[in-house]
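The values are calculated or read from the model by the stated rules, or taken from the named source; none is laboratory data. These numbers come from a predicted model, not from an experiment. Using ideal geometry, Cβ is built from the backbone for each residue, glycine included, and neighbour counts are taken over all protein chains shown.
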Amino acid sequence: MSKMFLCVLLCIGASVCATAGILGFTDASQFTADTVDWCANFSCDGSQYATPQPWTSTSTANTGLVGLADTGEGFYSLQQGTSWGGDFSNGMGVIYNGAAFDNTPTGIALAFDQAQYGVGAWIQSNYYGAFTATLTLFDASYQPLGSFTTSGTASDTPGTALFIGGWDPLQEVYAATFAAYGTGGSEPDFALGSVGFAGSTVAGAIPEPASLLLIGPALGGLALLRRRRRG
């Protein structure tokens, strides 16, 4: 693994966050150049894994790290239909941020060893009902390229989960953070399903009006999530 740390740079001020240039999508068919199956990487038996953990894509062409942003706490490896009763496709591997298991509510971060054009994933809040999901992409220096926000409805009907993806027409992508805010008492409380990568182009990838390129909040801070051995 080429990275000893999973680095997640969050926006420090409005001047940094004002350069949103990504295109957002909810169409999973645009992100099939490669995929990440969490059950193929982790047990999917409800175990907790220390942040960060290495992952390998289905094609084995892509690798990287995954973990909880900011807090460095461990995430949970679950599976739709067994340990997760939501709306992902049956059998899909799920990474849960553990907010209901006394983890500090936070986003899920991915770092990529290989440059990507874009990335997306299936996502669902832990509580049934309406939720808002946000994806932020980062460049090679972990500077934010921009964010895309959309809404969904969490249910117990498998195969109906929301997909959120982002593509940058000008710069390569080296990291991403995902978050979903539902109706629970401690948000974000959510899970992330399979991840998909975009090819060199995506259908309809025409520069959009600036009003449609939603800018991430100025959260402030730099999180260096040190790799730890699983206890």
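Here are a few things to note about the model shown:
- Residues that are of a type in the set (S, T, N, Q) and closer than 23 Å to ALA154 by Cα, drawn from the stretch 63-87: SER77, GLN79, GLN80, THR82, SER83
- Scanning the stretch 106-116 for residues that are surrounded by fewer than 20 Cβ atoms within 10 Å (Cβ to Cβ) and not charged (D, E, K, R) returns GLN114, ALA115.
- The one condition from (1) surrounded by fewer than 23 Cβ atoms within 10 Å (Cβ to Cβ); (2) in contact with a helix residue (DSSP H, G or I) (Cβ under 8 Å, 6 or more places away or on another chain) that GLY120 does not meet is (1).
- Boolean, GLY91 is touching a helix residue (DSSP H, G or I) at 6+ places or on another chain (Cβ under 9 Å) and loosely packed, with under 15 Cβ neighbours inside 10 Å: yes
- One residue stands out in the stretch 23-43 among those that are aromatic (Phe, Trp, Tyr) and farther than 19 Å from GLN114 by Cα: the one that is nearest to the chain's Cα centre (by Cα), namely PHE25.
- Candidates ASP87, ASP70 - the one that is at pLDDT 95 or above, charged (D, E, K, R) and closer than 21 Å to THR132 by Cα: ASP87
- Number of positions in the stretch 56-70 that are without any contact (Cβ under 8 Å) to a residue 40 or more places away in the chain and either within 21 Å of ASN97 (Cα to Cα) or within 15 Å of the chain's Cα centre (by Cα) (or both): 1
- Among the residues of the stretch 172-186, those identified as polar (S, T, N, Q) and over 30 Å from SER200 (Cα atoms) are THR183, SER186.
- Residue identified as among the polar types (S, T, N, Q), at pLDDT 95 or above and under 15 Å from the mean Cα position of the chain (by Cα) among THR104, THR51: THR51
- Here the stretch 152-170 is the region considered, the condition is being part of a loop (DSSP other than H, G, I, E, B) and in contact with a strand residue (DSSP E or B) (Cβ under 6 Å, 6 or more places away or on another chain), and the residue that is farthest from PHE88 (Cα to Cα) is ASP168.
- Filtered by the rule that a residue be over 22 Å from SER200 (Cα atoms) and assigned to a strand (DSSP E or B), the stretch 17-54 gives GLN48, TYR49, GLN53, PRO54.
To keep it simple, each residue is scored yes or no on (1) more than 19 Å from GLY93 (Cα to Cα); (2) hydrophobic (A, V, I, L, M, F, W, C); (3) in contact with a helix residue (DSSP H, G or I) (Cβ under 9 Å, 6 or more places away or on another chain).
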| site | (1), (2), (3) |
| --- | --- |
| LEU110 | no, yes, no |
| ASN126 | no, no, yes |
| LEU135 | yes, yes, no |
| THR149 | yes, no, no |
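- Of the listed requirements (1) free of Cβ contacts under 8 Å to residues at least 12 places away in the same chain; (2) buried (at least 17 other Cβ atoms within 10 Å of the Cβ); (3) of a type in the set (Asp, Glu), ASP102 misses just one: (2).
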